[in-house]
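Accompanying notes for the structure given below.
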Amino acid sequence: MLLTVKNLSVSFGGVHALNLSHFNLLDRELRVIIGPNGAGKSTFLDILCGKTKADAGEVSFDGHSVLGKSEVHIADMGIGRKFQKPSVFPSLTVYDNMLLAFKMNKGIFASLFFKPSKEIHDRIHEVALKVGLQKCLGKIAGELSHGQKQWLEIAIVVLQDPKLMLIDEPAAGMSDEETEKTGELLLQLARQHAIIVIEHDMKFVEQIAQDLVTVLVRGKLLMEGTFDDVRNDQRVIDSYLGRANVQLENF
Ligand SMILES: Nc1ncnc2c1ncn2[C@@H]1O[C@H](COP(=O)(O)OP(=O)(O)OP(=O)(O)O)[C@@H](O)[C@H]1O
């Protein structure tokens with residue numbers, strides 16, 4: 001097991017945001033987490049990457065405890081996070097954004113003496129090819145389409161070569177074509193990395209849910225199962241799929 005979570009809880013001002021009895025993830029598993037707004041999905045990823053401190057529980061990643069560690073330490077352990085909000089530098093080229101990500105990974109001190117080597121250049125090209133941005137390396141990031149910006153964000157996480165990637169709503173705001181490409185990209189990345197994806201778009205979930213889907217409701221685990229198990233579960237329909245916020249077009 002790559003990730004094992006037990007009795008993980010966190011409250012904000014007395015309100016339970018997360019009360020997760022258990023969650024297990026295999027190496028190179030692609031897990032989708034769904035659930036209504038406020039279910040605790042982002043909070044869960046925030047705890048896994050060290051952005052939010054848990055009140056109680058256990059999180060073991062690759063045999064090491066995660067809770068109490070800093071974000072930098074957790075990134076070094078092999079957990080990479082892509083947030084929903086874009087965080088690329090719009091005035092830099094795609095290449096320079098990726099180069100900067102490389103420098104940041106190496107730490108501020110090392111980056112002062114950092115010279116791009118052929119190895120780094122090759123790695124940037126390799127990752128750009130993977131995410132479909134090989135022809136855009138010289139382009140200013142601010143001029144990319146919304147989908148391309150998201151792929152650049154994913155590329156920046158891939159550059160860290162994390163064992164586990166945490167990805168928050170990658171398809172939000174994308175065209176149908178971009179969404180489908182993103183799904184293909186995630187399925188391809190799952191051959192080398194474990195991935196946890198939070199998503200509301202059920203058509204996209206259907207495309208990428210080759211393994212288990214986890215349903216959270218009000219901070220708790222409602223159920224885990226295949227896409228079809230989840231789609232046909234009356235509790236999931238009542239608490240989530242029947243609601244207006246779920247993107248069910250063409251579904
Ligand atoms: N920093 C915070 N301070 C106070 N309350 C918070 C904080 N972060 C999350 N919450 C609360 O915790 C609960 C879980 O929120 P969270 O954002 O994890 O849900 P979510 O499932 O990701 O929802 P969405 O689908 O809308 O993104 C909500 O009630 C939210 O208001």
Every listed condition ((1) within 30 Å of residue 26 (Cα to Cα); (2) modelled with pLDDT of 95 or more) holds for residue 123 save (2)
If you go through 205, 236, 230, the only one that is in contact (Cβ under 8 Å) with a residue 12 or more places away in the chain, assigned to a helix (DSSP H, G or I), within 23 Å of residue 48 (Cα to Cα) and away from the ligand (no atom under 13 Å from the Cβ) is 205
Taking segment 22-33 and the residues there that are more than 9 Å from the ligand (Cβ to nearest atom) and not in a loop (DSSP other than H, G, I, E, B), the one that is surrounded by the most Cβ atoms within 10 Å (Cβ to Cβ) would be 32
Quick count over segment 130-157, residues being of a type in the set (Val, Ile, Thr) and either without any contact (Cβ under 8 Å) to a residue 24 or more places away in the chain or closer than 20 Å to residue 47 by Cα (or both), is 2
Does segment 214-221 contain any residue that is in contact with an Asp or Glu (Cβ under 9 Å, 6 or more places away or on another chain), assigned by TED's automatic domain parsing to the domain that holds residue 10 and farther than 29 Å from residue 88 by Cα?
yes
Reported set for segment 43-58 where residues are closer than 21 Å to residue 27 by Cα and either in the same structural domain as residue 152 (by TED's automatic domain parsing) or within 16 Å of the ligand (Cβ to nearest atom) (or both) is 44, 45, 46, 47, 48, 49, 50
Notebook entry, point to check: In segment 209-219, is there at least one residue being assigned to a loop (DSSP other than H, G, I, E, B), of a type outside the set (Ser, Thr, Tyr), closer than 17 Å to residue 29 by Cα and modelled with pLDDT under 95?
Noted result: yes
Note on segment 63-76: residues more than 19 Å from residue 127 (Cα to Cα) and either small (Gly, Ala, Ser) or surrounded by 16 or more Cβ atoms within 10 Å (Cβ to Cβ) (or both) are 63, 65, 66, 67, 68, 69, 70, 74
In segment 1-48, residues that are out of contact with any Gly (no Cβ under 8 Å at 6 or more places or on another chain) and of a type outside the set (Val, Ile, Thr) total 27
Subset of segment 60-86, residues out of contact with any Lys or Arg (no Cβ under 7 Å at 6 or more places or on another chain), more than 16 Å from the ligand (Cβ to nearest atom) and not in a helix (DSSP H, G or I), comes to 60, 61, 63, 64, 65, 66, 67, 68, 69, 70, 79, 80
Residue pairs qualifying under the 7 Å Cβ cut-off, at least six apart or on distinct chains, with the first in segment 4-18 being in the same structural domain as residue 46 (by TED's automatic domain parsing) and the second being assigned to a loop (DSSP other than H, G, I, E, B) and near the ligand (Cβ under 9 Å from one of its atoms), are 10/52; 16/219; 17/40; 17/219; 18/40; 18/219
Residues in segment 178-191 that are exposed (fewer than 14 other Cβ atoms within 10 Å of the Cβ) and either modelled with pLDDT under 95 or under 18 Å from residue 2 (Cα atoms) (or both) total 1
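The values are calculated or read from the model by the stated rules, or taken from the named source; none is laboratory data. All of these numbers come straight from a predicted model, not from anything done at the bench. Please note: Cβ atoms are built from the backbone with ideal geometry, for glycine as well, and neighbour counts cover all protein chains shown.
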